[in-house]
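Participant: Can you keep this structure in mind? I'll have questions shortly.
Derivation of every value follows stated rules applied to the coordinates shown; laboratory data play no part. For clarity, every value in this text was computed on a predicted model and none was experimentally measured. All Cβ positions, even for glycine, are placed from backbone atoms using ideal geometry, and neighbour counts span all protein chains on display.
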Amino acid sequence: MAQSYFYGDVMKELNLSVDGMHCAACSSRIEKVVGGIDGVGNASVNLAAETMELMFDESVVTFEEIAERVKGMGFELTRREESETVQLDISISGMSCASCSTRIEKVLSGQEGVEFASINLANETGAVVFNKSRISQRKIREIISGLGFEAKPLSAQQDLFEKKQQETARKLALMKKRLIWSMLLAVPLLMISMGEMIGLPLPALIDPHLNPINFALIQFVLVSGIMFLGRNFYLNGFPALIRRVPNMDSLIAVGTGAAFIYSTWNLIEIFLGIDVQMKVMDLYFESAGVLIALVSLGKYMETRSKSHTSDAIAKLMQLAPETAVLLVGDELEQKEIPAEEIEAGDLLLVRPGDRIPVDGKVVKGSSVVDESMLTGESIPISKNEEDTVIGGTLNSSGVLHVEAQQVGADTMLSRIVRLVQEAQGSKAPIAGMADRISLYFVPVVMCIAVVTGFAWYFAGGADFSTSLRFFIAVMVIACPCAMGLATPTSIMVGTGRGAQLGVLVKSGEALEMAEKVDVVVFDKTGTLTHGKPKLTDTLSVQNALPDDRLLYLAASCEQNSEHPLAEALVLAAAEKNIKINQPDSFDAIQGKGIAGVVDGQEILFGNRQLLEEQGISTTDMESQSRELSAQGKTVLYMAVDGTFAALFAVADTLKSEVPSAVQRMQEMGLRLIMLTGDQKITAG
């Protein structure tokens, strides 16, 4: 048993990758062995994520010693933290001769932190290996530029998550290729061996009664191909059995191996002419071949399912832009750089429609920023100087100069991604129970299989081939993988899908505890409501113009705007089948609204301040405006040809399924609470 340690800061926590696991028995065995090492406080292995959460006392045991113990079991334990040493692949333009490339190599190699530099003149490319804690990627490019050449990264540095995704994709492609060939061999093997039983005549060349040698030999050739394609079962299963840590592959390897050896012996006796007709009907090549093909299919589906569990993380990562515009010097020269090169204190240019690359502070400019990816609020937030902006959010209108503050792994988006990854890698209490069962399940199954075979042979009066068939059946069917994989896979899928929907689950334990919840607290915007504004009211001033005409003028003027409020008006016109036209002129007035001309009529549309600055009074609809605002609606003012013409109200409406969902939860006895920043009358 592992000792319990409570030394506070003495304990070190690591998030590790575990390679070589094939089933729940593998993960359970690793947990038991590592957890039993003196100095290890906790070892939690997640089979689906292929990770380990390790807590240990470095004064008692080192990581290298733990990794060596795991290696002795046939697995590999590696740190998931990114290495300080990375390789930068770049394209270099402007080189004209060998002295150019040599000069670049010499200068780069002399820089502190650069371990290796190689420049290829013919391809105009280079590879630089450097310690990122001592020199930055941007600094390397600037050094090359200072020599009179232009350097651009061939690709952004991939982190461990992206590499893992690519590795899984390659593994899936190989598994799919082998699976297809296995199936193509297994189908004729099954038809040849079992064809007569279903009335399928065989050609005389391979008829067991006319040509028994050909009948047996063709099965041997087909199953040999399948076993070669499924060789990993044997390469993993038998070594694990020899180390006395049998796993699922051991079950498959022993079961199909026994069937193959027995059938091969019968094949030899057929060649020797020993009891040919009896031996030709006592072949089990198809059992081994079809079982390997079907288990390979299960393995492929299992791996593909595991690969999709990280889709949510990939989509979160895609919210961050790959490049950014850096403002340099007093002249604020614009330079496009990879987002990963951004450093704290950098001044960045964010244009309308661009995503903000990192967390920072607005130092110049004003705009409205769509923060729905973070807050769920559909209405963009106005941003002015000194306001904070979050990386991954969308700049909707104005130009911003942003000073970078939190970069890399410190940004809000990176912390959200890290939270989801930690939740997916965590283990629920019920998963631990499943793993403990799986640990003992495999050796128990092997014992039961042996007992079953002997019992049928000695006590049941069955012949050897029948007893062998029962032995194989128990070995290959009773596999604990589904039990060990179901819980971690469901946690990964559940937390990942939750992240896509804006629900962050802190851990597998929290997810398991959710079934005991008796109080549910809802956010309003984007959860109970659609999260997108919708036109709810159109009020004409003293019936100046018909409502449809007012909506036509407003939507025509707003159709070129990307603001969500403008989209609400355009959508409302479409729903009423009102055909809108391009405005004769259009001018966006930052933070206030728009001015335009539609069908020769001058339109002002926006907030109250916009109209009042033009000397247009809005007092005629003061009470209606206050009433709409009290209901939590955004009120927009419209003037036509210099005269106040109408009020429009836009609001986030309730989702159609909410009333029935609330009713169902109330019937379940749950207490429901809604959190909102709206006024009480609006929330009601």
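Participant: Taking square-rooted eigenvalues a ≥ b ≥ c of the alpha carbon gyration tensor, is region 8-79 rounded, prolate or oblate, where a/c under 1.5 means rounded and, failing that, a/b exceeding b/c means prolate?
Facilitator: It comes out prolate by the Cα gyration axes.
Participant: Shape verdict for region 362-412, please, from the Cα gyration tensor: rounded (a/c under 1.5), prolate (a/b greater than b/c) or oblate. Walk me through the numbers on the way to the answer.
Facilitator: Numbers: a/c = 2.18, a/b = 1.05, b/c = 2.08.
Note, shape of region 362-412 comes out oblate.
Participant: On a 0 to 90° scale, report how tilted helix 547-558 is relative to the longest principal axis of the chain, with both axes built from alpha carbons and the result rounded to the nearest 10.
Facilitator: The two axes meet at around 70 degrees.
Participant: When Lys and Arg each count +1 and Asp and Glu each count -1, what net charge do the other residues less than 14 Å away from Ile268, Cβ to Cβ, add up to?
Facilitator: On the way: positive: Lys279; negative: Glu269, Asp275, Asp282.
Surrounding charge for Ile268 is -2.
Participant: Longest exposed-loop-site-free stretch of the chain, with chymotrypsin sites (Phe, Trp or Tyr not before Pro), DSSP loop and at most 16 other Cβ within 10 Å?
Facilitator: 8-684
Participant: Something else: Rounding to the nearest 10 and keeping the result within 0 to 90°, find how far the Cα-based axis of helix 137-146 lies from the longest principal axis of the chain.
Facilitator: Between the helix axis and the principal axis of the chain, the angle is about 70 degrees.
Participant: Here's something else I'd like to know. Convert each backbone phi in region 391-407 into a coupling constant with the Karplus relation 6.51 cos²θ - 1.76 cosθ + 1.60 (shift: θ = phi - 60°), then list the ³J(HN,Hα) values in order as whole Hz, x for Gly and Pro.
Facilitator: x, x, 7, 9, 7, 8, 9, x, 8, 10, 9, 10, 8, 5, 10, 9, 10
Participant: Right, next: Taking amide H positions as placed 1.01 Å from N in the peptide plane, with prolines and chain starts having none, which residues 5 or more places from Ser382, or on another chain, fall under 5 Å of its amide H?
Facilitator: Those lying under 5 Å, H to H, from Ser382 are Val369.
Participant: Quick check: net charge around Leu202, other residues with Cβ under 14 Å of its Cβ, Lys/Arg +1 and Asp/Glu -1?
Facilitator: Here the count lands on -3.
Participant: Hey, another quick one. Can you list the lysines whose alpha carbon sits under 16 Å from that of Lys106, skipping same-chain ones fewer than 8 residues off?
Facilitator: Cα-Cα hits under 16 Å: Lys139.
Participant: Using the structure shown, select from Lys576/Lys655; Lys315/Lys579; Lys132/Lys335; Lys335/Lys579 the pairs with a Cα to Cα distance greater than 32 angstrom.
Facilitator: Pairs exceeding 32 Å: Lys315/Lys579; Lys335/Lys579.
Participant: What's the exposure ranking of Glu622, Glu386, going from fewest to most Cβ atoms within 10 Å?
Facilitator: Arranged by neighbour count, lowest to highest, Glu622, Glu386 become Glu386, Glu622.
Participant: Could you work out how far helix 285-308 tilts from the main Cα principal axis of the chain, as a 0 to 90 degree angle to the nearest 10?
Facilitator: In the chain, helix 285-308 runs at an angle near 20 degrees to the longest axis.
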